[in-house]
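The values are calculated or read from the model by the stated rules, or taken from the named source; none is laboratory data. These numbers come from a predicted model, not from an experiment. Every residue, glycine among them, receives a Cβ derived from its backbone with ideal geometry; neighbour counts consider all protein chains shown. Ligands, DNA and RNA are excluded from the accessible area calculation, which covers all protein heavy atoms including side chains. Shrake-Rupley method; radii C 1.70, N 1.55, O 1.52, S 1.80 Å.
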Amino acid sequence: MFPVPRGGLPPQQIAEVGEEVGIGSGVAEGHLQRVGEAVREDRAGSRPGGVEAAEQIDHRRATADAGGGDEVRSRLFRGAGQRRRTGGDDPMGGAAGDDDDVARRQMQFSAVHDEQTLALEEDVERYSLRAGSDDVHPRTCAESAVSLENGFELGIAQYFADRVHVILSRRKQTQRSLFGLIQDWDARCMTTNSHSLTADVVVIGFGKGGKTAAHVLAEAGKRIILVEQDENMYGGTCPNVGCVPSKMLVHYSSARRLEDDKQEFFAQSVAGVKALTSAFRAGNFDSLNGQNGAVVLTGTARFLDDHSVVVGEGRDAITVTATTVLINTGSEPLLPALPGLAESAHLVSGTDLIQKDRLPSRLVIIGGGYLGLEFADIYRHFGTDVTVLEAGDRFLAREDPDIADAVTGILEGDGIELVTAARVIAVRDNENGAVISYEKDGRTFEVAADAILPATGRRPAIDNLDLAAAGIEVTQRGAVKVDDQLRTTQPHIFALGDVNGGPQFTYVSLDDARIVLDQLLGEGTRRVSDRVAVPHTLFITPPLATVGLTETEARAQGLNITVSRENVADIVAMPRAYTVEETRGLMKFIVDADTDTILGAALLSIDAQEIINLVSLAVRHGITATQLRNSIYTHPSSTEALNEVFDKVIS
């Protein structure tokens, strides 16, 4: 890959390109000259702004000829800028022929270039590109030009480079890159084949683990191609439809006042969420694509073999071959096989609940795990009537009963209807919404809803990958099978994040990236089994954060423990709870009675999601309960509770 001055291809490179595509250097140079002349003449006479366009093009060429132009990365666009047609009737189709044939097709250029230019301008306007500055100078790439089907299209490539410059310069504002369109041209600069790319590492999926690894590897000088199937998921689930928007809704919902109009307040909240997620999505894309040689391709990837994937379908398909492959496709919601559920017009996903600005009056959630309870809490605070149907005998079955009871007490106190041992049997729509039928204690009950959210879990997203083509095995639960260093059954292919069947948390995916990077760039010693004390947080109000062993688990292991617990409202050393008027909840610690080390904690309180990180660090590094209790903390802060709670031993 080598840069080209923004005024055009130098004569030597024109000759090289011409030779590669089977025409003489004179003919190739003539293409550029004649196209330039045709563009200037036609644009100046046929459409407003033509003179300005010609002048800007001429100015660019003069500047480059004088040696005053710096070199910039390619930003030609697949689509309008690279539309190809095939067939005998197409003046742009076919291979390069003799000079007469070239001249004939050159004369036909004026009949088609206006259509393509208009399409390009429409694309620019529709997607509101940003190329990084007010003075944009897209360049052509000689290697990309070689990959075009004939020398005539080389001229068109140069012409469209000029057109993009003119359009963007005229707008005089920073604009957004063409999602899903820029990558083909950028990627062409990495190969001499228009339908195949080579890289050191291909990353499938734009999640936390994949993008983190891509950044580090690119900075280390590796050629990186990251493939994401959905332009609305740049950055992964968390910043787009998961952690970030849902927690922002937690914040907004808690701020609603009784006098606020529910629907209006909710719509404004969703608008705020969309603004933030759009900014994050753009930031994720821009921070990677084109940086340090990394390229983002938008399309669905599937394996051809253990070193190659194909992105897209048909004529637009691109084959990517790499030495190393990282799979980071995440997970997708499970839809329970309930009669009438899939067909219901009132079925919604977590993504729908984050993005739709119409507040349902009645929400029924099937499943009482973290996702279900978080959405129950959010929507209840926005003013929706919420019912949660849990098949188990109690909510949060993995937590100690006293913790689970405290959580359900808070949720029920906020007006959420929680139903345990509920077996949902059917869903049917009627003129007023939907009716969910469930069985409990041998009886059948019904509950009405305007929206139904299945929250019964997620499964690894592997359906489109064709893992068998690469010789990659999966587990019985449908996850990519990996070893302790996240290698699949192909040692050069790794799986990161939810797709490998591990804990479905963004920060675990991040640590997966650290393990993989250690294999690729480091000493190769990091392992999944090295992880100790990974915390979890249920983001209700107030949040529940846990780490390590529960009291039940510690006693089952026969450990000699002491248990300390205190209600937040009673913690004198924690005035922050009173200053923010959130005194609900409790704190509980499990301590090894022989060593004074902390074995586990459950914090249901304001700021629990922050305090748990300090406690987790203490567990990992053997900091004792006494040391935490006697430490100095800022005041007033929630962390001060540690000065007191360890002394409240209950057993």
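Structure notes:
- The condition of being more than 30 Å from ALA275 (Cβ to Cβ) and open to solvent by 20 Å² or more (accessible area, probe 1.4 Å) holds for only one of GLY433, GLY369, GLY415, GLY442, that being GLY442.
Residues checked against (1) without any contact (Cβ under 8 Å) to a residue 40 or more places away in the chain; (2) closer than 19 Å to THR537 by Cβ; (3) surrounded by fewer than 21 Cβ atoms within 10 Å (Cβ to Cβ):
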| position | (1), (2), (3) |
| --- | --- |
| GLU582 | no, yes, yes |
| PHE589 | no, yes, no |
| ALA602 | no, yes, no |
| ILE612 | no, yes, no |
| ILE632 | yes, no, yes |
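- Of all residues in region 196-210, one or more are small (Gly, Ala, Ser), part of a helix (DSSP H, G or I) and modelled with pLDDT of 95 or more.
- Listed conditions (1) open to solvent by 40 Å² or more (accessible area, probe 1.4 Å); (2) not in a loop (DSSP other than H, G, I, E, B) are all met by GLY522, apart from (2).
- Unmet criterion (only one of (1) open to solvent by 20 Å² or more (accessible area, probe 1.4 Å); (2) in contact with a Phe, Trp or Tyr (Cβ under 7 Å, 6 or more places away or on another chain); (3) of a type in the set (A, V, I, L, M)) for LEU226: (1)
- Every condition in (1) free of Cβ contacts under 8 Å to residues at least 60 places away in the same chain; (2) farther than 24 Å from GLU343 by Cβ holds for PHE494 except the one numbered (1).
- Inside region 469-479, residues that are touching a residue at least 60 places away in the same chain (Cβ under 8 Å) and either assigned to a helix (DSSP H, G or I) or within 25 Å of the chain's Cα centre (by Cα) (or both) make up a count of 3.
- Subset tally (residues that are over 20 Å from the mean Cα position of the chain (by Cα) and over 26 Å from ARG487 (Cβ atoms)) for region 300-317: 5
- The one condition from (1) crowded, with 19+ Cβ neighbours inside 10 Å; (2) over 26 Å from the mean Cα position of the chain (by Cα); (3) in a loop (DSSP other than H, G, I, E, B) that VAL532 does not meet is (1).
- Just one residue in the set PRO360, PRO339 is open to solvent by 60 Å² or more (accessible area, probe 1.4 Å), modelled with pLDDT of 95 or more and assigned to a loop (DSSP other than H, G, I, E, B); that residue is PRO339.
- Scanning region 297-314 for residues that are open to solvent by 60 Å² or more (accessible area, probe 1.4 Å) and among the aliphatic types (A, V, I, L, M) turns up just one, LEU304.
- Any hit, region 322-330, residues being on the phi > 0 side of the Ramachandran plot and not in a strand (DSSP E or B): yes
- Region 445-460: number of residues that are surrounded by fewer than 21 Cβ atoms within 10 Å (Cβ to Cβ) and either of a type outside the set (Val, Ile, Thr) or not in a strand (DSSP E or B) (or both): 8
- Per the listing GLU446, GLU431, GLU439, GLU412, the residue uniquely under 16 Å from ILE366 (Cα atoms), out of contact with any Lys or Arg (no Cβ under 7 Å at 6 or more places or on another chain) and of a type outside the set (Lys, Arg) is GLU446.
- Residue in region 554-580 that is most open to solvent (accessible area, probe 1.4 Å), counting only those that are over 13 Å from SER638 (Cα atoms) and aliphatic (A, V, I, L, M): ALA556
- Residue selected from region 461-491 under the condition of a type in the set (Asp, Glu) and closer than 15 Å to THR329 by Cβ, by the criterion surrounded by the most Cβ atoms within 10 Å (Cβ to Cβ): ASP466
- The requirement of being surrounded by fewer than 17 Cβ atoms within 10 Å (Cβ to Cβ), out of contact with any His (no Cβ under 7 Å at 6 or more places or on another chain), under 28 Å from GLY372 (Cβ atoms) and not β-branched (Val, Ile, Thr) is fulfilled somewhere in region 315-332, by at least one residue.
- Top-ranked residue in region 255-270 [being assigned to a helix (DSSP H, G or I) and open to solvent by 60 Å² or more (accessible area, probe 1.4 Å); ranked as nearest to GLU582 (Cα to Cα)]: LYS262
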